[in-house]
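The values are calculated or read from the model by the stated rules, or taken from the named source; none is laboratory data. Being a predicted model, the structure only gives us computed values, none of them experimental. Backbone-built Cβ (ideal geometry, glycine too); neighbour counts: all protein chains shown. The accessibility values were calculated without ligands, DNA or RNA, using every heavy atom of the protein model including side chains. Shrake-Rupley method; radii C 1.70, N 1.55, O 1.52, S 1.80 Å.
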Amino acid sequence: MGSELLKVGVLVSGRGSNLQAIIDASERREIHARVVVVISDKEDAYALERARKHGIEALFIDPRAYPGREDHERAVGDELEKRGAGLICLAGYMRVLSSYFVKRFYGRIINIHPALLPSFPGLHGQLQALEYGVKISGCTVHFVDEDVDHGPIIIQAAVPVLADDDEDTLSARILEYEHKIYPRAVQLFAQGRLKIQGRRVKVERGIFPPWAVTNPSLED
Ligand code: GRF
């Protein structure tokens, strides 16, 4: 692997558990990628501390220090480019990216969302699923386009909703799978196996599971 590692920049605003999953997979050499910089729009984001603990450069770039959204995004983009980031992962980044940023990096920005898109985009995807009454929700990693939680889908995990779930229990069950599918998506990208074809992402040499999930089970 050595010199071939894909350089990844991660944008965060908070806790950073998905960032941690990517760092851990990288350190275990499960993915041909390493995080070269973590950038937050919140000074106190715990994700910044996680990065520093692993010797990864952690930057707070304050949106309030710039006259407009694009100016802030230009600064973020410049820092990413300076470090040669070939992939930008949004991991709990709470800002909507402008078309300026999306166009600058299109096809190299991915995001994770805690629902099976296109259902329940936006904030509180897990609670939206719960309130709607779906029996299966999950999580999605997708390329970022100019609409929120909308771009071409790379990988999804289906997670059952249980009768006595509340937002916290469902979020925790989904999060476990977020931590599996995000590093997986990074690896597929690093291997050059993702081809965007309109709305669809072709996964080269992808192995498809020969099963479907039902909830409740077909068996008792
Ligand atoms: C995750 O649920 C992710 O799907 C959503 O924001 C949350 C971030 O959590 N986009 P963390 O900061 O990675 O722990």
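Miscellaneous remarks
- Burial order of peptide ranges 137-147, 188-198 (average beta-carbon count within 10 Å, highest first): 137-147, 188-198
- Note on the chain: with neighbouring protein chains present and a 1.4 Å probe, carbon and sulfur make up 50 percent of its accessible heavy-atom surface.
- Long-range amide H partners of I136 with built H, under 5 Å: V161
- The figure for E73 is an accessible area of roughly 10 square angstrom, using a 1.4 Å probe on the protein chains alone.
- Residue order for Y66, Y182, Y132 - accessible surface, 1.4 angstrom probe, largest first: Y132, Y66, Y182
- Euclidean distance between Cα centres, segment 73-128 to segment 193-220, Å: 23
- About the Cα centre, charge dipole magnitude for the chain (Lys/Arg +1, Asp/Glu -1 at Cβ), debye: 1060
- In Hz, Karplus ³J(HN,Hα) per residue of segment 151-158 (6.51, -1.76, 1.60; θ = phi - 60°; x = Gly, Pro): x, x, 8, 9, 7, 9, 10, 8
- Accessible solvent surface per residue of the chain, calculated while the other protein chains remain in place, 1.4 angstrom probe, Å²: 52
- Calculated mean residue ellipticity, 222 nm, the chain: -10000 deg cm²/dmol, from DSSP H runs (n ≥ 4) at -39500 (n - 2.57) each, averaged per residue and rounded to 500.
- Rounded, prolate or oblate (a/c below 1.5 giving rounded, otherwise prolate when a/b exceeds b/c) for segment 1-137 by Cα gyration tensor: oblate
- Summing charges over all other residues whose Cβ lies under 14 Å from the Cβ of L116, with Lys and Arg as +1 and Asp and Glu as -1, gives 0.
- Whichever aspartates and glutamates have a C-alpha closer than 20 Å to that of K82, once near sequence neighbours (fewer than 8 apart) are set aside: E4, D41, E57, D62, E70, D71, E73
- Shown is the FRET efficiency for Y177 and Y66, computed with R0 = 35 Å from the Cβ-Cβ distance and rounded to the nearest 0.05: 0.45.
- Distant-in-sequence amide contacts of E146, defined by a placed amide H-H separation under 5 Å and a gap of 5 or more residues or a different chain, comprise nothing.
- Checking the cross-link pairs K53/K180; K42/K180; K53/K135 against a 32 Å limit on the alpha carbon distance flags K53/K135 as lying beyond it.
- Between amide H atoms placed 1.01 Å from N, distances below 5 Å from L11 occur with I39, C89, L90, A91, all of them 5 or more places distant or on a separate chain.
- Beta bridges per DSSP with both ends in the chain, % antiparallel, nearest 5: 45
- Per-residue accessible area (protein heavy atoms, 1.4 Å probe) orders F60, F105 as F60, F105, starting from the largest.
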